[in-house]
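In what follows, a structure is listed as structure tokens, so that the remarks can point back to it.
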Amino acid sequence: MNAIAATTTPDTAITVVREFLEALAESRPRDTKPLMDDDMSWHNTSLPTLRGARRISSVLAGLEKPWIGFDVVVHHIAAESADVVLTERTDVLRIGRVEISFPVCGTFELRDGRILAWRDHFDVLGFLGAVAAGLVRAVFRRP
């Protein structure tokens with residue numbers, strides 16, 4: 001067990017997840033790398049699971065592009081142990097002028113104070129409705 005693992009508590013696990021989400025929302029995906037376990041997996045509802053911190057980091061690097069954005073509103077976050085953090089949040093994705101806002105429940109599993117698994121669950125039909133609404137707003141919004 002390393003020093004991080006020895007000091008990981010439910011509160012520090014929550015801090016790791018908050019820092020991870022904040023770095024993404026602030027277009028700093030590179031800052032998430034130290035928070036990831038090398039064997040990390042990322043699964044979004046109905047999408048294939050991504051495996052490995054290197055692969056996940058390369059996907060998240062897209063957030064550095066000026067026409068792509070992410071924001072998050074964490075409504076609830078909880079941990080009873082240092083190994084699992086649950087989130088209830090609203091994620092906001094931006095691609096160009098299209099903004100998509102949708103509810104997400106996420107589970108983060110940690111090992112030795114780093115994120116080992118990230119699973120996000122959301123209603124696919126609700127997400128598609130949010131995409132349609134975002135497209136309509138983008139078309140009718142004045143530049």
Quiz item: Any idea what angle helix 124-140 forms with the longest principal axis of the chain, computed on alpha-carbon atoms, 0 to 90 degrees, nearest 10?
Solution: 50
Quiz prompt | Neighbourhood charge, 10 Å Cβ-Cβ cut-off, centred on PRO34 and excluding it, Lys, Arg +1 and Asp, Glu -1 | solution = +1
Practice problem: Please name which of CYS105, ALA82, THR45 has its Cα lying farthest along the dipole of the chain towards the positive end, using unit charges on Cβ (Lys, Arg +1; Asp, Glu -1) and the Cα centre as origin. | Solution: THR45
Self-check item: Relative contact order (percent, whole number), segment 35-143, Cα cutoff 8 Å, 6+ residue spacing
Solution: 25
Exercise. Using only the Cα atoms of the chain, build the gyration tensor, take square roots of its eigenvalues as a ≥ b ≥ c, and label the shape rounded, prolate or oblate: rounded if a/c is under 1.5, else prolate if a/b is larger than b/c, else oblate.
Key: prolate
Quiz prompt | Ranked PHE127, PHE20, criterion: other C-beta atoms within 10 Å, fewest first | solution = PHE127, PHE20
Quiz item: Among GLY129, MET36, GLY96, whose Cα sits farthest toward the positive end of the charge dipole of segment 3-140 (+1 at Cβ of Lys/Arg, -1 at Cβ of Asp/Glu, about the Cα centre)?
Solution: GLY96
Quiz prompt | segment 1-108: trypsin sites (Lys or Arg not before Pro) in DSSP coil with no more than 12 other Cβ atoms inside 10 Å | solution = none
Practice problem: With a cut-off of at most 12 other beta carbons within 10 Å, and DSSP calling the residue loop, which GluC sites (Glu not before Pro) in segment 59-143 qualify? Please list them. | Solution: GLU80
Exercise. Compute the acute angle (0 to 90°) between the alpha-carbon long axis of helix 10-25 and the principal axis of greatest extent of the alpha-carbon atoms of the chain; round to the nearest 10°.
Key: 30
Quiz prompt | Net dipole in debye of segment 3-140 [+1 Lys, Arg Cβ; -1 Asp, Glu Cβ; about Cα centre; nearest 20] | solution = 580
Exercise. Could you check which residue among TRP118, TRP67, TRP42 shows the biggest mean-square fluctuation in a GNM of the chain with a 10 Å Cα cutoff?
Key: TRP67
Quiz prompt | Cα centre as origin, Lys/Arg/Asp/Glu Cβ charges: segment 16-57 dipole, Debye | solution = 180
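We did not get these values from a lab; they are worked out from the coordinates using the rules stated. Quantities reported herein were computed from a predicted structural model and do not represent experimental measurements. So basically every Cβ, Gly included, is an ideal-geometry build from the backbone, and we count neighbours across all protein chains shown.
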